[in-house]
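Right, one structure below, let's go through it.
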Number of protein chains: 2
Amino acid sequence: MARPTIADIAERAGVSKGAVSFALNGRPGVSEETRRRILAVADEMNWRPHRAARSLGNARAGAVGLILSRPARTLGLEPFFGQIVSGLQAGLAEDGTALQLLVVEDPEAEMAAYRNWTAERRVDGFVLLDPLIDDPRFAALEALEVPVMVLGGPLEDTSLSFTWADDSEAMHEAVDYLAALGHRHVVHVAGMPQFLHTKRRTDVLTEAKERHELAEVVSIPTDYSDSEGAVITRRVLSRRDRPTAIVYDSDVMAVAGLGVALEMGVRVPQDLSILSFDDSLLARLTHPSLTALTRDTQGWAAEAARGLLRLIADPTLAVRHQSSTPVLVPRESTAPPAGH
Amino acid sequence: MARPTIADIAERAGVSKGAVSFALNGRPGVSEETRRRILAVADEMNWRPHRAARSLGNARAGAVGLILSRPARTLGLEPFFGQIVSGLQAGLAEDGTALQLLVVEDPEAEMAAYRNWTAERRVDGFVLLDPLIDDPRFAALEALEVPVMVLGGPLEDTSLSFTWADDSEAMHEAVDYLAALGHRHVVHVAGMPQFLHTKRRTDVLTEAKERHELAEVVSIPTDYSDSEGAVITRRVLSRRDRPTAIVYDSDVMAVAGLGVALEMGVRVPQDLSILSFDDSLLARLTHPSLTALTRDTQGWAAEAARGLLRLIADPTLAVRHQSSTPVLVPRESTAPPAGH
DNA sequence: AGCTTTAGATAAAGCGGTTAAGTTCGGGCC
DNA sequence: GGCCCGAACTTAACCGCTTTATCTAAAGCT
């Protein structure tokens, strides 16, 4: 038999379509006895609601969107994305809400997708990754009046909700640690300069220079690719007064940097300490293993997902959630600099 | 103004809803002039079709499902998944079809999700990963009469479509290469034994033993985790007559194995050659870099996505597509065994 | 008994599209 | 001129479910 509809159930149970709808949705309007009978029939006929039909009446699509504007290949390279996706998954699953994923090539396409998906009522809300400084997406999404949860922050001048981790604090911890070990020349291989968290981390470093009376602290922006990580590392290690420690903004770059150090005969950690922002299998599997700032990325994403669901249920809400601060996990790649 | 509907457009353009529908879908029934006028009005009002409403009429949901039953954390660990997801993305995007992702903990939940999503008409089809030997999902999905594209194969005794890469051939190439280098003791750290491709690779090895008169060829099944990869490697390298080459079924395990070798003072490639099935950043970034069987995973997934779209358009089809065979990329981790 | 109240159910109107089945109308043909 | 035909539209039904208004009958109250 074809897919049963509530009309079929109604007929079989000898009631009206309306009664079936009430019964199946647990709302008043039918007696306990009738409800049980209807539920039994529905179960017997193996009925499932038709999502589209449901979405037509009320406005819920039962899905939220995640749109990434990155070259598609980085998805496979950065463990970060996988963790985010599975974390969101976990948070959404509790509600039966699905995750719709889209990878686009440029910011224009990303914006177009927000507009289209909202207009088509394809999703009930969005998750936004990597907030930028003066992010143009914020205003656009506010105008669309669609629930949005930003992974990152804290955000000002916007009504969008967000959950953030204090990576300023984490970066503090990292720099303090390196300074305590005796490092005075530190290079920061940063991420994209337009990213909010890049700026926050870089700011901490600048400020740390004064505080710890470091001889040198430089932040060098990159596109997060392993190749740029390698190039920068090679350049920095070729200098006469090369740094004794490098902080990388991603594990992929840190591993690439480690490779360059080995290739150049620079011993890690004796001649060079390496510290990675972002932990993953990658950081653990290298030799020496990488000291890293680690955090529960999946848990963070799951929390964001739950926040978004609350937001969808009540759009007047404004969720401002702070998740746990990344923690420094010392491994083999950091040590006091030579002669200390 | 609220979301415009075709009724609004009809009113504004002074025609009926039906005419608007014809015009917007490019079907006959309206004159060129009227069509242009209607399109202009629709554009002006910034109209977008309401997905749910459309799905109600015809049966297309405009999305396909990918359901993974793996512990959620592996998503973040295996670069493979990211590549598959972004590849599918690319293939689907051409059509505006979305990808709905679900990560579940066990096969029962996976089966339930297939049933629910089909019954709810949430998706138009599914992509299936990692076919098993005598896979119970095949029969269930055939019964659901829903378009399915399996990534892997070749499949027999099923009407499901699939695209496969000949990893038997690839494994041949790998073994021939190792044999040519002079290796006689080869260990294969395999994946899950119930996976079809694990069996195919293992079979090739068994057969290769005769052909190349190898002294030893063992396949050891694992769960693909880095920890099992490390444990097995440690055990194998501790033996008196340890192998001179190890083939790993995933890059994650290969990197873990490399770590163990270094930790045990076994020099790679002088004392031990390492070859990884599956290439990725991981394999390239290690030192020494890993010789690997590489393939265009994203392209493969994109091709599968396109096949699935064809299948959805015409469910009587049976797509049997073979994608390019993985290619051996020699890097630093393989060399003739000592004393050769 | 006569009235209101209310629980329990029904009927019907959407939601935003698609589509089969009319309806008009101008033009070609005999 | 009458007839037929196809093009260009319109009408209205329908997809499956939700929801509001409406109805019915039994219970409650004075």
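Across segment B:11-24, what is the number of residues that are part of a helix (DSSP H, G or I), closer than 13 Å to B:Leu39 by Cβ and of a type outside the set (S, T, N, Q)?
Residues that pass the stated criteria total 7.
Of all residues in segment B:82-100, how many are part of a helix (DSSP H, G or I), more than 7 Å from chain A (Cβ to nearest Cβ) and either within 9 Å of the chain's Cα centre (by Cα) or more than 18 Å from B:Leu151 (Cα to Cα) (or both)?
4
So which pairs qualify, if the first residue must be in segment B:13-28 and in contact (Cβ under 8 Å) with a residue 24 or more places away in the chain, the second must be more than 8 Å from DNA strand D (Cβ to nearest atom) and among the aromatic types (Phe, Trp, Tyr), the Cβ gap must be under 9 Å, and the two must be at least 6 apart or on different chains?
B:Leu24/B:Trp47
For segment B:160-168, state whether one or more residues are within 14 Å of the chain's Cα centre (by Cα), part of a loop (DSSP other than H, G, I, E, B), buried (at least 22 other Cβ atoms within 10 Å of the Cβ) and more than 9 Å from chain A (Cβ to nearest Cβ).
The answer is no; no qualifying residue exists.
From the list A:Gly259, A:Gly307, which one is away from chain B (no Cβ under 14 Å) and assigned to a helix (DSSP H, G or I)?
From the options A:Gly259, A:Gly307, the qualifying one is A:Gly307.
Conditions: (1) touching a residue at least 60 places away in the same chain (Cβ under 8 Å); (2) closer than 27 Å to A:Lys199 by Cα; (3) part of a loop (DSSP other than H, G, I, E, B). A:Asp279 meets all but one. Number of the miss?
Tallying (1) touching a residue at least 60 places away in the same chain (Cβ under 8 Å); (2) closer than 27 Å to A:Lys199 by Cα; (3) part of a loop (DSSP other than H, G, I, E, B), A:Asp279 fails exactly one: (1).
Exactly one of these conditions fails for A:Leu281: (1) in contact with a Leu (Cβ under 8 Å, 6 or more places away or on another chain); (2) more than 23 Å from A:Gly87 (Cβ to Cβ). Give me its number.
If we test A:Leu281 against (1) in contact with a Leu (Cβ under 8 Å, 6 or more places away or on another chain); (2) more than 23 Å from A:Gly87 (Cβ to Cβ), just (2) comes out false.
Within 11 Å of chain B (Cβ to nearest Cβ) and either in a loop (DSSP other than H, G, I, E, B) or hydroxyl-bearing (Ser, Thr, Tyr) (or both): which single residue out of A:Arg54, A:Arg48, A:Arg27 fits that description?
A:Arg48 is the lone residue from the list that is within 11 Å of chain B (Cβ to nearest Cβ) and either in a loop (DSSP other than H, G, I, E, B) or hydroxyl-bearing (Ser, Thr, Tyr) (or both).
Find the residue count for segment A:264-307, including only residues that are at pLDDT below 90 and aliphatic (A, V, I, L, M).
Residues that pass the stated criteria total 4.
Does B:Ala42 count as in contact with a helix residue (DSSP H, G or I) (Cβ under 9 Å, 6 or more places away or on another chain), more than 8 Å from DNA strand C (Cβ to nearest atom) and under 28 Å from B:Val123 (Cβ atoms)?
Against the criterion (in contact with a helix residue (DSSP H, G or I) (Cβ under 9 Å, 6 or more places away or on another chain), more than 8 Å from DNA strand C (Cβ to nearest atom) and under 28 Å from B:Val123 (Cβ atoms)), B:Ala42 qualifies.
Keeping to segment A:60-81, report how many residues are over 25 Å from A:Asp226 (Cα atoms) and either among the charged types (D, E, K, R) or more than 9 Å from chain B (Cβ to nearest Cβ) (or both).
2
Would you mind stating whether B:Thr206 is assigned to a helix (DSSP H, G or I), free of Cβ contacts under 8 Å to residues at least 24 places away in the same chain and of a type in the set (Ser, Thr, Tyr)?
Yes; evaluated as a whole, the condition is true for this residue.
If you check B:Gly82, B:Gly87, B:Gly65, which single one turns out to be away from DNA strand C (no atom under 16 Å from the Cβ), surrounded by 16 or more Cβ atoms within 10 Å (Cβ to Cβ) and more than 30 Å from A:Leu285 (Cα to Cα)?
It is B:Gly65.
Under the condition of being without any contact (Cβ under 8 Å) to a residue 60 or more places away in the chain and within 10 Å of DNA strand D (Cβ to nearest atom), which residue from segment B:37-64 is farthest from B:Gly91 (Cα to Cα)?
B:Arg37
Give segment B:311-340 a look and list any residue that's assigned to a helix (DSSP H, G or I) and surrounded by fewer than 15 Cβ atoms within 10 Å (Cβ to Cβ), or say none.
Passing the criteria: only B:Ala313.
Exactly one condition in (1) in contact (Cβ under 8 Å) with a residue 12 or more places away in the chain; (2) away from chain A (no Cβ under 14 Å); (3) assigned to a helix (DSSP H, G or I); (4) more than 9 Å from DNA strand C (Cβ to nearest atom) is false for B:Glu33; which is it?
All conditions are met except number (1).
The values are calculated or read from the model by the stated rules, or taken from the named source; none is laboratory data. Treat the numbers as computed from the prediction; the structure is a model and nothing was measured. Reconstructed Cβ throughout: ideal geometry from the backbone, glycine too, with neighbour counts over all protein chains shown.
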